[in-house]
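Beneath this line is the structure, given in structure tokens, with notes to follow.
Each value in this text was obtained by applying a stated rule to the coordinates, not by laboratory testing. Nothing here was measured: the structure is a model prediction, and the numbers come from that model. Every residue, glycine among them, receives a Cβ derived from its backbone with ideal geometry; neighbour counts consider all protein chains shown.
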């Protein structure tokens, strides 16, 4: 009898997917050839993975809401006042930094939407993409704070809001990246 190539569960020869984990690839191997990590691992959205799932679904919404105030800067009058040399309110490099922020934040929202898709479809590359988004966001927050401090040298590099955002992302990355790498549930769930 064939076995699931992901969890080692016996699969009927005429079945389209594994009844335990949903894996679609069957191999004619014995269950003892499947790794110990996933053989008896819990499968599906449960345990700590519920928190990850909630975060993945809510993140694009929160990011879009946080992006709205940034868009106000791009209104014609405000933009002209801040980016036209010779005006009293001109800020050098402001347009470049704000454009970079808008582009990167838009890409992060799209990346989070793609992450929702990977989660729903239980794709094998969900954990890697999740880790990539977490690490990239952390790096972007630090780089963005440094860029803003170059544009506004009189402002503190790490104001309370920026420090809170970086700390929150750092703590989340330190918790969820190892979870994605070590969790038996994650290995057994994301198999497609």
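Taking the longest Cα principal axis of the chain as reference, the axis of helix 94-121 is set at about 20 degrees. The convex hull of the Cα atoms of the chain, projected and averaged over all directions, covers 12.9 nm².
Consider all pairwise Cα distances in region 93-143 and report the whole-number % of them above 15 Å. Write out the running numbers ahead of the final one.
Details: 658 of 1275 pairs.
Within region 93-143, distances greater than 15 Å cover 52 percent of Cα pairs.
Can you tell me the orientation of helix 126-151 relative to the chain, as the angle in degrees between its alpha-carbon axis and the longest Cα principal axis, to the nearest 10? Rounded to the nearest ten degrees, it is 10. Taking label points 7 Å from Cα along the Cα-to-Cβ direction, residue 104 and residue 76 give a separation of 3.0 nm.
Between helix 160-182 and the chain, what is the angle of the helix's C-alpha long axis to the longest principal axis, kept within 0 to 90° and rounded to the nearest 10? Helix 160-182 sits at roughly 20 degrees to that axis. Determine, from the Cβ-Cβ distance of residue 147 and residue 175 and an R0 of 35 Å, the FRET efficiency 1/(1 + (r/R0)^6), rounded to the nearest 0.05. Taking R0 as 35 Å, the efficiency between residue 147 and residue 175 is 0.80.
Over the C-alpha atoms of region 78-192, the Rg to Rh ratio, Rh being the Kirkwood estimate, stands at 1.12.
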